[in-house]
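Please read the structure below before turning to the comments.
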Amino acid sequence: MAEDNAPPLIEAETPEAAASEPVSEAGKANKTPKPHTGSLATRMMLIAAVWIAFLLLVGGVALDRAMTSLITRNFDDQLDYMLTGMVASTEIGPDGEVFFNRALGDQRFLEPNSGLYWQIRGKGHDDFASRSLWDRSLQVQLNHFDAKPHVYDSTQFAGEKLRVMERSIILPGSKTQWWFTVAASRGELDAQIRRVRAILSYSFVILGLGLLGMAGLQTWYGLNPLRRVRRAIQKMRTTGANRVTEPLPLEVQPLVEELNALLGHVERQAEEARTHAGNLAHALKTPLTVVMNAATARAPDLSDTVIREAAVMRRQVDHHLARARAVGRRAVGHSRANVWTSAEAVLRAVTRLYENTRFDLDGSRTANVAIERQDLDEILGNLIENAAKYGGGSVFVTVCEATTPDTCEIWVEDDGMGIPEEERIRIFDRGARLDTGKPGTGLGLAIVRDVAEIYGGSVELGESEDLGGLLVKLKLPRTA
């Protein structure tokens, strides 16, 4: 008994698709830079700058209001102290007018237009005012009563803003309602507020620059591991190293591990490609030598020799193309195929070729395996077609007789003569055939084994207990 392979797995690449023109150094230099999403450092600095500016603005406004309120309150406390002193020093004279029993201590009350003023006013009485008012008087609304000191800003004097505090009092021995008023120029108060605001502005500018500098240093130092990774990759390209071995921070180490895993994957693929190329070259060398020797010797059976050896070369090319395609698809990752769907499709195709053979399919309909659908179709196509070709008329396919949770098994059984146990290893060799009376190339099981192993699976041969022929156990990794 022998096994056969399915039709060629892929079309051969055209020379135009396989070849590419070399790119000169000048061409590389003139290439347009690939688009990117911007600089991480710029993003981090922009976020830091916006956040720092926001915090400084909010903090500056809050601190300015707090300091302004504090300075103003202190200024008002001084006015309140003076107003209290006025009230405490005021008495009613025999003529019913008010007077001070002791002079107020601040010399500015005696200097005209000094910026500090007091005044006592009552209905029907002359104003009692400080000399600093000179020929002016403080405007007081007499139609209300302020039991507590009332403070406000006033512009009643041209060119001089005032801070005014007034209070309404009825003095002992008098029925008159007196309005005690103290006023001070806001010039000193506004000057203090301006000085405080200037100090705050300078301080916040220096603080902002310092925070931006710290953010820049933090960004530079924080992104330094990425620069180290770039230098390590550059070192790999220039020195021939194949891994990034430099210790890196915890946040970057997973990236480096994935990079090393990718490098290892690429290295394995390159090694597989070199091995396939060498195997193919070795496999083609002997047929080419036979053809060349026959042509040189002008052998009479040259045409038969060419046809025979060309068939051998075609089998080798088909085999290595199947392996190359499986390796390429595996590299894409996330392969997934439903076994039942693939088996049904293969059975529909094989049934048309072997109309007298009975095919049965049983097992799980939901089993999914980590393999590309086309490769699964090719594997099952080889196994089912071999079973139909060399069996006695019955083929039984069972899906997912699993031995482990991570493995899916597909059994292909026939009622043929089977394969002797001592031949079950050799039959996987390329070109190995036990039944030479039927057409075939002897690459079917070899392709099945190679493709299954590429995806992490395996193939075993045994004896079918139900049908008595060959049992092929195909094990493939299961997906979730």
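The values are calculated or read from the model by the stated rules, or taken from the named source; none is laboratory data. Because the structure is a prediction, the values reported are computed rather than measured. Cβ atoms come from the backbone with ideal geometry, glycine included; neighbour counts cover every protein chain shown.
Taking the stretch 437-480 only, how many residues are modelled with pLDDT under 80 and not small (Gly, Ala, Ser)? Lay out the reasoning, then the answer.
At the first step, the residues of the stretch 437-480 found to be modelled with pLDDT under 80 are 437-447, 480.
Checking the rest, the ones that are also not small (Gly, Ala, Ser) come to 438-439, 441, 443, 445, 447.
The number of residues fulfilling the criteria is 6.
What number of residues within the stretch 248-288 are at pLDDT below 80 and closer than 30 Å to Leu302 by Cβ?
11
Scan the stretch 83-105 for residues that are touching a strand residue (DSSP E or B) at 6+ places or on another chain (Cβ under 7 Å) and not in a loop (DSSP other than H, G, I, E, B) and report the count.
Residues in the stretch 83-105 being touching a strand residue (DSSP E or B) at 6+ places or on another chain (Cβ under 7 Å) and not in a loop (DSSP other than H, G, I, E, B): 10 in total.
Show the residue pairs meeting these rules: Cβ distance below 7 Å; 6+ apart or different chains; first residue within the stretch 265-282 and in a helix (DSSP H, G or I) and surrounded by 14 or more Cβ atoms within 10 Å (Cβ to Cβ); second residue small (Gly, Ala, Ser) and modelled with pLDDT under 75.
Once the first residue is in a helix (DSSP H, G or I) and surrounded by 14 or more Cβ atoms within 10 Å (Cβ to Cβ) and sits in the stretch 265-282, its partners that are small (Gly, Ala, Ser) and modelled with pLDDT under 75 give Gln269/Ala331; His276/Ala324.
Is it the case that some residue within the stretch 423-432 is acidic (Asp, Glu) and modelled with pLDDT under 85?
yes
If I ask for residues that are surrounded by 19 or more Cβ atoms within 10 Å (Cβ to Cβ) and either of a type outside the set (A, V, I, L, M, F, W, C) or at pLDDT below 90 (or both), which ones from the stretch 338-347 would you list?
Matches in the stretch 338-347: Ser342 only.
Do we have any residue at all in the stretch 106-119 that's touching a helix residue (DSSP H, G or I) at 6+ places or on another chain (Cβ under 9 Å), on the phi > 0 side of the Ramachandran plot, outside any strand (DSSP E or B) and without any contact (Cβ under 8 Å) to a residue 60 or more places away in the chain? Step through it out loud before you land on a result.
Going through the stretch 106-119, the residues touching a helix residue (DSSP H, G or I) at 6+ places or on another chain (Cβ under 9 Å) turn out to be 106, 108-119.
Narrowing the set further to residues that are on the phi > 0 side of the Ramachandran plot leaves 113, 115.
If we keep only those that are outside any strand (DSSP E or B) too, we end up with 113, 115.
Imposing the further condition that a residue be without any contact (Cβ under 8 Å) to a residue 60 or more places away in the chain reduces the set to 113.
So far as the stretch 106-119 goes, yes, one or more of its residues are touching a helix residue (DSSP H, G or I) at 6+ places or on another chain (Cβ under 9 Å), on the phi > 0 side of the Ramachandran plot, outside any strand (DSSP E or B) and without any contact (Cβ under 8 Å) to a residue 60 or more places away in the chain.
Only one of these conditions is not met by Thr357: (1) at pLDDT 90 or above; (2) of a type outside the set (Lys, Arg); (3) surrounded by 15 or more Cβ atoms within 10 Å (Cβ to Cβ); (4) under 54 Å from the mean Cα position of the chain (by Cα). Which number is it?
Of everything listed in (1) at pLDDT 90 or above; (2) of a type outside the set (Lys, Arg); (3) surrounded by 15 or more Cβ atoms within 10 Å (Cβ to Cβ); (4) under 54 Å from the mean Cα position of the chain (by Cα), Thr357 misses just condition (4).
Quick check, is Ala49 surrounded by 11 or more Cβ atoms within 10 Å (Cβ to Cβ), in a helix (DSSP H, G or I) and modelled with pLDDT of 90 or more?
The answer is yes for Ala49.
Can you tell me which residue is nearest to Leu70 (Cα to Cα) among those in the stretch 153-200 that are free of Cβ contacts under 8 Å to residues at least 40 places away in the same chain and among the hydroxyl-bearing types (Ser, Thr, Tyr)?
This residue is Ser154.
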